[in-house]
Amino acid sequence: MSEKTTSADTYRFRSNKFLPHIIIIILIITLWLLALSACGPGEDSDRKVDSAEGGGEVEEETLYGEDLYLFDYEKIALEKTGSIGIEIKNCNIYTDIYEDLIILGEIENISTVNKTDIEVTLDFYNKDNEVIMSETIPSPVNYLNVGSRLPFYYYLYEREKFIEINKIKIGADYKDYNRGFKGNPVVEGEKYYYSGEGNSLVIEGSIINIGENKIKNLELFCTFYNDKEQVVFIKNCYLLREEMIPGEEQRFTLEVMLDEYLPGFTHYRFEVFFEDEIKAAALFITSPYI
């Protein structure tokens, strides 16, 4: 004769059946609560901590995570160092859409002699006025004539250094070149218009060598400014010929895409650079056998 199963036996059976599932759920909830407490405020794994007192650990800022939003490039001071005969002007700093830091400006030859071997120097300082890095920008041209302006730019890609920068000193190194040029290229901007449904700015013009000498290594730059006269963009114009004889003229076309990569500008200026073509003296060799 079989035994009957009581209601108490049935309850114990069901309890034993679901007990493992209840334990697993409790373990999951416990692990979840532990994970939340481990990620609490003040315990960022991306930060390195050292104590300022007694040689311990101090918090080190990084430009990753939320620290990136703390960086404000407008608080960086641009300081122009003095140079005899050279003026640094129209400097600007901003971050582009790739979040790279860009420093731009111009150097102008305000002396009475031409300059050569030109370099722009950048010294980056932290809030304690300590130099954290230095860079030199070589000039793309060999000579800077009296009254001419040379635009420059520098991209800083190392984002971990952004947060440390408090001030940038901009200077220039050069040599005097006590010789005048007989070539004289003159730039004439004839017209500009918009193309591609207003997506591009097209500038047309010409260069005429009104000087007495043939010129070489011809370079044409177009510098764009905002309404504060700060440099925002520099474009090297393509020329068909880098040499021109006296009286020669050549036309050029400059096209600039007006998209999100280009900061806003209100006006522009052309600057031309060149060297005289020096005629080498003919060398005659007389043979003793003639």
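If you go through segment 106-145 and keep only what is on the phi > 0 side of the Ramachandran plot and buried (at least 18 other Cβ atoms within 10 Å of the Cβ), you end up with nothing. Out of the residues in segment 77-132 that are within 22 Å of Pro263 (Cβ to Cβ) and β-branched (Val, Ile, Thr), state the one that is modelled with the lowest pLDDT. Among those that are within 22 Å of Pro263 (Cβ to Cβ) and β-branched (Val, Ile, Thr), it is Ile97.
Within segment 154-204, the residues that satisfy the criterion of being within 30 Å of Glu99 (Cβ to Cβ), surrounded by fewer than 16 Cβ atoms within 10 Å (Cβ to Cβ) and of a type in the set (Asp, Glu) are Glu158, Glu160, Glu197.
Screening Glu74 on (1) modelled with pLDDT under 90; (2) in contact with a Leu (Cβ under 6 Å, 6 or more places away or on another chain) shows it passes everything except condition (2).
The values are calculated or read from the model by the stated rules, or taken from the named source; none is laboratory data. Keep in mind that this is a model prediction, so the values were computed, not measured. In this analysis, Cβ positions are derived from the backbone assuming ideal geometry, glycine residues included, and neighbour counts consider all displayed protein chains.
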